[in-house]
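Right, one structure below, let's go through it.
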Amino acid sequence: MLYIDHRERSGLEKLVKKYCTKKGLPYEERTNLITDYAFGGVGIEAKSITDYMSSLYSGHLERQLQNLDDNYNHIVLVVHGTVDYYIMQAKKGGKKIGFVKTWNAFVGSLARFHNDYDISVITFPDKSTAARFIAKRYEKQGSLGSFKTYRFMRKTASEDRRMDALRMLGCSETIAKRLLDEFGSIAEITSLTPNELTTVDGVGKITAARILACLTSEEPVVDEKVKMTRA
């Protein structure tokens with residue numbers, strides 16, 4: 001089920017619902033306390049370029065990403081609109097904003113968030129394309145594209161089998177490297193508590209619990225339900 005925050009009023013949600021209806025994909029509007037769109041452990045935060053820059057400068061965006069990191073297995077940040085549009089709107093409001101400075105802040109922040117929070121960052125030029133992506137991503141949840149995809153995934157193994165093992169648990173290469181740099185070995189990681197694991201940048205509560213469960217459980221480990229907390 002795709003859960004859409006009923007407080008969304010950007011117009012993006014209307015397009016998402018339109019595409020879902022066209023494809024026969026079920027969705028439900030409710031209060032999502034953390035993110036705009038959620039399904040199967042995936043949290044998607046969608047922002048217009050204006051909203052993104054505003055929340056970036058205020059510091060609110062980073063707090064949102066921290067909360068998302070604590071509560072979802074996979075985080076996607078979708079930004080729709082262009083820097084040119086943002087600058088044009090700012091000038092209409094009487095603000096003088098330089099393109100180079102704004103562009104550097106935009107691209108630099110996307111790179112920083114992608115690295116720090118191990119999230120997928122995707123930008124689209126317009127609202128319609130962003131909405132279509134959200135619906136398509138929901139539609140493809142839990143599926144594998146083709147045998148070619150599987151063969152390609154097999155080729156992504158690193159030269160360090162320890163990192164490969166951690167990646168199989170859902171860690172990105174960056175997070176796996178941070179864990180090994182911090183604790184030295186998988187055996188050391190196994191002996192840690194979830195709170196100790198979350199001291200590593202990019203490892204949230206759910207990721208920490210999943211890693212330890214997979215390493216220590218004598219029973220099958222399934223994905224945990226999302227724990228909703230107030231942003």
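Rule-based calculations on the coordinates, nothing more; no lab input. All values derive from a computational prediction rather than experimental measurement. Ideal geometry is used to build each Cβ from the backbone, glycine not excepted, and the neighbour counts take in all protein chains shown.
Brief remarks follow.
- Relative contact order (percent, whole number), the chain, Cα cutoff 8 Å, 6+ residue spacing: 22 percent
- With the simple spin-label model, which puts each label point 7 Å out from Cα in the Cβ direction, the Met1 to Glu196 separation comes to 3.9 nm.
- Estimated vicinal HN-Hα couplings, Hz - the stretch 172-178 in sequence order (Karplus 6.51, -1.76, 1.60; Gly, Pro = x): 7, 4, 5, 5, 4, 5, 4
- With viscosity 1.567 mPa s and temperature 4 °C, the Kirkwood radius over alpha carbon pairs of the chain converts through Stokes-Einstein to a diffusion coefficient of 67 µm²/s.
- Stretching Thr129 away from Asp84 to a fully extended chain increases their span by 14.4 nm, per 0.36 nm per residue minus the current alpha-carbon distance.
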